[in-house]
Amino acid sequence: VRRLLILGGTAEGAALARAASGLPGWSVESSLAGRTRAPAALPGEVRVGGFGGPEGLARHLEEAGIDAVVDATHPFAARISANAEAACRLRPTPRLALVRPAWEPGPGDRWTEVAGMEAAVAAIPPGARVFLTVGRQEVGAFAARGDAWFLVRLVDPPDAPLPLARAEVVLGRGPFDREAERALMADRRVDLVVAKNSGGEASRAKLLAARDLGLPAVLVRRPEPPSGPKAADVAEALDWLRGL
Ligand code: NAP
């Protein structure tokens, strides 16, 4: 039996774990960073926490006898993807990046794409009411905008008060529903969505709701994707595994 390591923390990583654990001849280990307090259950083995850089990950590949790695981490999780590239060179191991396509605007969308979080902060009009879904680690960048009001969506309740002068926290984890997103945004009188261009179906609903309500969105462009072979979805990743 060959062993697959899935670097996860995404809906696609979980879907691949479910699909690959049914693949004859493979066993699956999923790795999570440990950022969410109660991650959803996964089939197969699950390990939690950092590896200790590329060397630590290479050591894990050796010790756990890993035969293939699928990097299914979030498109904005650039450090772990770079570590995976380096580790799979140090301890030669086939590696595939599962990269879901970025969202593209459709008719009725009023999107501004910006290069990074600082540009997103600057793109907020004075006094705006913002639905902010950039993740806990990025919220601090918006502290300078005391003029704006933020509806901040997080997976877990924050450990400390957010560094925002005027904000409400709403807890939630995808997949989200278009009508529910529309109702939430209308109820809080949101006039702008600020998000990462993460791609994928689980968190797209807020942008469809913004379209329904005629609201603009500021989307942060993703960093460069990992090098090497890529799959756009779980089916393509399974094809790659079958071909090994
Ligand atoms: P990151 O900045 O790329 O990685 C920082 C460090 O966290 C890595 O160097 C590694 O520590 C550890 N790490 C990250 N992902 C890991 C994994 N799957 N398994 C074991 N260790 C991991 O990562 P991040 O942006 O904080 O994302 C952390 C996790 O949340 C990832 O699993 C990602 O898929 C998920 N996520 C991220 C976002 C986002 O917007 N960034 C959104 C949704 C989900 P060591 O160097 O010690 O190995």
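The values are calculated or read from the model by the stated rules, or taken from the named source; none is laboratory data. Fair warning: this is a prediction, and the values are worked out from it, not measured in the lab. Backbone-built Cβ (ideal geometry, glycine too); neighbour counts: all protein chains shown. The accessibility values were calculated without ligands, DNA or RNA, using every heavy atom of the protein model including side chains. Shrake-Rupley method; radii C 1.70, N 1.55, O 1.52, S 1.80 Å.
Summing +1 for each Lys or Arg and -1 for each Asp or Glu, what net charge is found among the other residues whose Cβ lies under 13 Å from the Cβ of Asp159?
+2
Rounded to a whole number of µm²/s, how large is the Stokes-Einstein D of region 55-144 at 10 °C and 1.306 mPa s, given Rh as the Kirkwood radius over C-alpha pairs?
97
Using a 1.4 angstrom probe on the protein heavy atoms only, line up Ser27, Ser81 by accessible area, largest first.
If we order Ser27, Ser81 from most to least accessible, we get Ser27, Ser81.
Could you tally the net charge around Ala119, taking each other residue with its Cβ under 12 Å from the Cβ of Ala119, Lys/Arg +1 and Asp/Glu -1?
Residues near Ala119 contribute -1 overall.
Computed over the Cα atoms of the chain, what is the ratio Rg over Rh, Rh following Kirkwood?
Values: Rg = 19.1 Å, Rh = 19.1 Å.
Radius of gyration relative to Kirkwood radius: 1.00.
Starting with the highest mean, order 110-116, 209-215 by the number of other Cβ atoms within 10 Å, averaged over the residues of each peptide.
209-215, 110-116
Okay, helix-only estimate at 222 nm for the chain: each DSSP H run of n ≥ 4 adds -39500 (n - 2.57), divide by all residues, round to 500 deg cm²/dmol; what do you get? Provide the component values of the computation, followed by the final result.
Numbers: 7 runs with 68 residues, N = 244.
So the helix-based figure for the chain works out to -8000 deg cm²/dmol.
So what are the ³J(HN,Hα) numbers for region 151-158, from phi and the Karplus equation (6.51, -1.76, 1.60; θ = phi - 60°), rounded to whole Hz, Gly and Pro as x?
Once θ is set to phi - 60°, the couplings for region 151-158 become 9, 9, 9, 10, 6, 10, x, x Hz.
Using only the alpha carbons, work out the radius of gyration and Dmax of region 121-237 in angstrom.
15.1, 46
Taking amide H positions as placed in the peptide plane 1.01 Å from N, state which residues far from Phe131 in sequence (5 or more) or on other chains have amide H under 5 Å from it.
Here Leu151, Asp191, Leu192, Val193, Val194 satisfy the definition.
As I understand it, the value is the acute angle between the Cα axis of helix 78-90 and the longest principal axis of the Cα atoms of the chain; what does it come to in degrees, rounded to 10?
10
Please name which of Ile6, Gly172, Trp26 has its Cα lying farthest along the dipole of the chain towards the positive end, using unit charges on Cβ (Lys, Arg +1; Asp, Glu -1) and the Cα centre as origin.
Towards the positive end, the residue furthest out is Gly172.
Leaving ligands, DNA and RNA out of it, report the carbon-plus-sulfur percent of the accessible area of the chain at a 1.4 Å probe.
Carbon and sulfur atoms account for 53 percent of the accessible area of the chain.
From the mean inverse distance of alpha carbon pairs (Kirkwood) and the Cα radius of gyration, derive Rg over Rh for region 170-233.
1.05
Loop only per DSSP, at most 14 neighbouring Cβ atoms within 10 Å: give me the GluC sites (Glu not before Pro) in region 177-230, ordered by residue number.
Counting only loop positions with at most 14 other Cβ atoms within 10 Å, the GluC sites (Glu not before Pro) in region 177-230 are Glu201.
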